[in-house]
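K.L.:
I'd like to ask some things about the structure below.
The values are calculated or read from the model by the stated rules, or taken from the named source; none is laboratory data. Computed from a prediction, not measured in an experiment: that's the story for all the values here. No Cβ is skipped: glycine too gets one built from the backbone with ideal geometry, and neighbour counts run over all protein chains shown. Just so you know, the surface numbers come from the protein's heavy atoms only, side chains and all, with ligands and any DNA or RNA stripped out. Shrake-Rupley method; radii C 1.70, N 1.55, O 1.52, S 1.80 Å.
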Amino acid sequence: MSLHPETSAITAGRPEAAPDASLNPPLIFSSTYHAGGPVGYGRYGNESWSALEAAIGELEGGATLSFSSGMAAVSAVFSILPIGAPVVASNQGYSGVMGLLNQFHASGRLEVRFVEITNTEEVINTMKGAALVWLESPTNPCLDVADLPALLTAAKKLGLGVAVDNTFATPLVQKPLAMGADIVMHSVTKFLAGHSDVVLGSLSTNDEALFARLEQARRFNGSVPGPFEAWLALRGIRSFPIRFRAAEINAKELVARLSQHSKVTKVRYPGFGAVISFEVDGTAEDAEKVCESSELITHATSLGGIESLWERRRRWALESPSVPEQLIRLSVGCEHVDDLWKDIEKALKVL
Ligand SMILES: *Cc1c(COP(=O)(O)O)cnc(C)c1O
């Protein structure tokens, strides 16, 4: 039976029903197993990972591997590319991925072709001869949206591999594997786990040979998740659809209110999801002061948690210089929208 994501999030990754079987998967702490089975060792498999992988797999529609972080999942993908392989990637995206790609490009490990992701024609023209297209949409933190159907169609015509970072949109908004992508990646740390208490990543694919290579990369790189983190993430996934939708309703209301505020010069929002980036009328220090002045919204990095967080992105040295100095990224949580707005209004008064 094909289920809606709201249902899969609740039903997937549970043990088989049997008298007195537990509803929830057990938390397995074991570095090794009795000999003779298909798993054998704690770096090769764990029941607590498998339950999480089953749930993400059902949401994304592909076989899934969990990793010790989103960056570990990203690194596994790049690690299976040959030396010097040409990769097409957005010139603006998650700072960690940008940093990694810049380093790989500088060292000759990969030949990275950075593109303006919203310029579909430019991206397609740059694809020829590439090995992989790395797409993040919407981008972190500028919230640029790529034309995924057009880019995937073009890439498939050229026979290129496509990986999509689906952290911001989540499978509630788009399912890249169904659209033709080869790999979908998550920073599970964010919306899926959703409680700002774990760092985890995942890769999903429908290509068996690719799955085997990525699993081998996880074994060799040793980038395996902790069982407790996997267990917590699955617990978080149970409420991911309702958290995401509640936060999205808040975000839409805050976008409307921010757009009317005299101290806000620009609001970026892709029309879905719970992350808003906005620019304030002032300097970098002014934007810092705004972030420091909130009482309800936590001044911290990260996103996708049940609690609202904000920060000035350029406070990080790794963040792209194309991101405006006075840009604040707000991850909207599930608090009451009027409480959030009161806090934002008060904080903006420092300007
Ligand atoms: C956070 C993030 C990552 C990295 O994930 P970690 O779990 O922090 O390693 C990758 N891509 C996007 C879009 C992110 O927001």
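K.L.:
Run Val350 past the list (1) open to solvent by 10 Å² or more (accessible area, probe 1.4 Å); (2) of a type outside the set (Gly, Ala, Ser); (3) assigned to a strand (DSSP E or B) and report the number of the one that doesn't hold.
P.N.:
Answer for Val350: the failing condition is (3).
K.L.:
Mind listing whichever residues of segment 173-187 are open to solvent by less than 20 Å² (accessible area, probe 1.4 Å) and away from the ligand (no atom under 16 Å from the Cβ)?
P.N.:
The answer is Leu177, and nothing else.
K.L.:
Same structure again: Please enumerate the residues belonging to segment 92-111 that are within 16 Å of the ligand (Cβ to nearest atom), without any contact (Cβ under 8 Å) to a residue 60 or more places away in the chain and of a type in the set (A, V, I, L, M).
P.N.:
Leu100, Leu101
K.L.:
Give segment 133-149 a look and list any residue that's farther than 13 Å from Phe168 by Cβ and in contact with a Leu (Cβ under 6 Å, 6 or more places away or on another chain), or say none.
P.N.:
Within segment 133-149, Val133 is the sole residue that qualifies.
K.L.:
Taking into account only those residues within segment 134-161 that are of a type in the set (A, V, I, L, M, F, W, C) and away from the ligand (no atom under 16 Å from the Cβ), which is surrounded by the most Cβ atoms within 10 Å (Cβ to Cβ)?
P.N.:
Result: Leu151.
K.L.:
Taking the condition touching a Gly at 6+ places or on another chain (Cβ under 6 Å) and surrounded by 15 or more Cβ atoms within 10 Å (Cβ to Cβ), does Glu307 pass?
P.N.:
So Glu307 passes the test.
K.L.:
Is it the case that some residue within segment 135-154 is more than 26 Å from Gly61 (Cα to Cα) and either touching a Lys or Arg at 6+ places or on another chain (Cβ under 6 Å) or among the charged types (D, E, K, R) (or both)?
P.N.:
yes
K.L.:
Can you say whether Met98 is out of contact with any helix residue (DSSP H, G or I) (no Cβ under 8 Å at 6 or more places or on another chain), surrounded by 19 or more Cβ atoms within 10 Å (Cβ to Cβ) and at pLDDT 95 or above, as far as the supplied structure shows?
P.N.:
yes
K.L.:
Further question: Considering only segment 27-49, state which residues are small (Gly, Ala, Ser) and either surrounded by 18 or more Cβ atoms within 10 Å (Cβ to Cβ) or more than 16 Å from Gly226 (Cα to Cα) (or both).
P.N.:
Across segment 27-49, the qualifying residues are Ala35, Gly36, Gly37, Gly40, Gly45, Ser48.
K.L.:
Please determine, by comparing only the residues of segment 68-86 that are within 17 Å of Leu210 (Cα to Cα) and within 16 Å of the ligand (Cβ to nearest atom), which one is surrounded by the fewest Cβ atoms within 10 Å (Cβ to Cβ).
P.N.:
Ser79
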